[in-house]
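The values are calculated or read from the model by the stated rules, or taken from the named source; none is laboratory data. Note that this is a predicted model, so its numbers are computed, not measured. Cβ placement follows ideal geometry from the backbone for every residue including glycine, while neighbour counts extend to all protein chains displayed.
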Amino acid sequence: MRLVINIAKGYKCRHIPMEDLIQEGAIGLMQATERFDPERGFRFSTYATHWIRQSIGRAIDNKSKAIRLPAHVSQTIRRVEKERARFARETGREPTIEELAEIIGLPAAKLQQNLAAGQEMLSLDLPIGDGSGTLGGMISDETTANPEERAMRESILSELRNVVSELSEREQQVMEFRLRGDGVEIQPEEIAQALNL
């Protein structure tokens, strides 16, 4: 278990407590004990380290984000961060997406897609400014009319219905064709043809 604790200490994850990382590492240790073959000539601690790291890494990938990413995407993101840090140390500047893509061996578009998937999520309940509003409150719903517009439209339609109800049946049919409200304008000739005028 000391091996598990030492490996777990190397992972800094603000979303998962250290106890949970140790527990996940213990699961990896159990997998290592089940699969270890002393005939192959490796020391158990060397073999177990891989399984412990894999188990902790998968736990972080699965539990630290609101939306779980596929394992290969998470591995790519971790590798990009490692290569980005190495590149910055060696050259003194941040690498471009194209340089990272070349180092990792992925097309730049695919790399950008993976990096976008790994970005932090923001809660719509997050307070903004002085704390009086939320991010979700700033987003308008374009699919619904605001209450004033809706009330005005209902009032106009009600008035229009009252006026049209005083017309003859044929005149009402003509008005219904002209004022359908679906945005398609019908020419008077088409109305005459439809009503056999």
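Okay, here's what the table says:
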quantity: Per-region count, segment 29-53, residues closer than 28 Å to Asn114 by Cα and crowded, with 16+ Cβ neighbours inside 10 Å; calculated: 4
quantity: Test set (1) of a type outside the set (Phe, Trp, Tyr); (2) without any contact (Cβ under 8 Å) to a residue 24 or more places away in the chain; (3) in the same structural domain as Asn114 (by TED's automatic domain parsing) - His50 fails condition number; calculated: (3)
quantity: Segment 5-22, residues that are within 21 Å of Arg78 (Cβ to Cβ) and in a helix (DSSP H, G or I); calculated: Asn6, Ile7, Ala8, Lys9, Met18, Asp20, Leu21, Ile22
quantity: Count of residues meeting criterion [surrounded by fewer than 13 Cβ atoms within 10 Å (Cβ to Cβ) and not basic (Lys, Arg)] in segment 82-112; calculated: 11
quantity: Single residue of Arg84, Arg153, Arg93, Arg68 found to be among the basic types (Lys, Arg), at pLDDT 75 or above and within 21 Å of Lys12 (Cα to Cα); calculated: Arg84
quantity: Number of the condition not met by Ser140 [criteria: (1) at pLDDT 80 or above; (2) among the polar types (S, T, N, Q); (3) not in a helix (DSSP H, G or I)]; calculated: (1)
quantity: Residue in segment 18-28 that is over 13 Å from Val4 (Cα atoms), free of Cβ contacts under 8 Å to residues at least 24 places away in the same chain and either buried (at least 16 other Cβ atoms within 10 Å of the Cβ) or not acidic (Asp, Glu) (or both) present; calculated: no
